[in-house]
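Readers should treat all values here as calculations from the given coordinates under stated rules, not as data from a laboratory. Predicted model only: the values in this text are computed from it and were never measured. Note that we place each Cβ from the backbone using ideal geometry, even for glycine, and neighbour counts take in every protein chain shown.
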Amino acid sequence: EAVVADGISPELIAFSKKVIEAQQKEIKMLSDFLKTASDEPTENATEFKNALDASMVPMMKAMEKAKLANNVDKDFVALMIPHHQSAVDMAKAYLPYSNNDKIRGIAEQILSSQREEIIWLKAQ
């Protein structure tokens with residue numbers, strides 16, 4: 001949202017608005033799922049947690065190493081690329097462990113949209 005408020009690039013502002021809208025829809029779907037989801041442990045929860053944890057390490061390292069330029073647009077892109085890659089990695093980590101068609105669909109949508117957005121961000 002900082003780019004929407006403080007950014008200069010019209011393309012990045014439009015991109016940010018699109019991301020906000022899409023993410024808000026995904027967050028609502030996931031939040032709605034959590035309201036009714038079972039708390040029963042699943043057979044492969046530990047393996048999934050380990051895979052999920054491992055999927056987030058590269059993002060944390062990349063964001064720590066990012067050389068910020070004190071430029072809202074450039075810094076946004078520099079941080080969004082590893083953030084989006086982490087979403088891809090988390091979705092990939094999730095898919096082998098679940099049979100929930102609804103959440104699998106969201107994960108597959110995340111894979112597709114985040115990959116496209118990474119390509120767009122890298123081209124900026």
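Residues are listed down the side, and each one gets a yes or a no for (1) of a type in the set (D, E, K, R); (2) on the phi > 0 side of the Ramachandran plot; (3) surrounded by 13 or more Cβ atoms within 10 Å (Cβ to Cβ):
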position	(1), (2), (3)
Ile13	no, no, yes
Lys35	yes, no, no
Glu64	yes, no, no
Asp73	yes, no, yes
Val77	no, no, yes
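I need every pair where a residue in region 65-87 that is touching a residue at least 24 places away in the same chain (Cβ under 8 Å) has its Cβ under 7 Å from the Cβ of a residue that is among the polar types (S, T, N, Q), sequence separation at least 6 or different chains.
Asp73/Ser9; Val77/Gln124; His84/Gln114; Ser86/Ser55; Ala87/Gln114
For region 108-124, which residues satisfy the criterion of being surrounded by 15 or more Cβ atoms within 10 Å (Cβ to Cβ) and without any contact (Cβ under 8 Å) to a residue 24 or more places away in the chain?
If the condition is that a residue be surrounded by 15 or more Cβ atoms within 10 Å (Cβ to Cβ) and without any contact (Cβ under 8 Å) to a residue 24 or more places away in the chain, then Leu111 is the only one that fits.
Return the residue satisfying two criteria in turn: it lies in region 63-107 and is within 12 Å of the chain's Cα centre (by Cα) and among the charged types (D, E, K, R), and of such residues it is farthest from Ala45 (Cα to Cα).
Going residue by residue through region 63-107, those that are within 12 Å of the chain's Cα centre (by Cα) are 79-92, 106-107.
Add one more test, that the residue is among the charged types (D, E, K, R), and what stays is 89, 92.
Details: Asp89: 17, Lys92: 15 Å.
My answer is Asp89.
What are the residues in region 37-62 that are in contact with a Ser or Thr (Cβ under 9 Å, 6 or more places away or on another chain), under 14 Å from Gln85 (Cα atoms) and surrounded by 12 or more Cβ atoms within 10 Å (Cβ to Cβ), if any?
Across region 37-62, the qualifying residues are Ser55, Met56, Pro58, Met59, Ala62.
Out of region 73-124, which residues are more than 20 Å from Asn50 (Cβ to Cβ) and hydroxyl-bearing (Ser, Thr, Tyr)?
Ser112, Ser113
Give me the residue from region 95-113 that is touching a Ser or Thr at 6+ places or on another chain (Cβ under 9 Å) and either β-branched (Val, Ile, Thr) or part of a helix (DSSP H, G or I) (or both) and, out of that set, nearest to Leu12 (Cα to Cα). I'd like the intermediate steps shown before the answer.
Step one: of region 95-113, the residues touching a Ser or Thr at 6+ places or on another chain (Cβ under 9 Å) are 97-98, 104, 107.
After this cut, where a residue has to be either β-branched (Val, Ile, Thr) or part of a helix (DSSP H, G or I) (or both) as well, the list is 97, 104, 107.
Working: Tyr97: 35, Arg104: 29, Ala107: 24 Å.
Among them, the one singled out is Ala107.
Could you pull out the residue among Lys17, Lys67, Lys35, Lys25 that is assigned to a loop (DSSP other than H, G, I, E, B) and basic (Lys, Arg)?
Residue meeting the stated conditions: Lys67.
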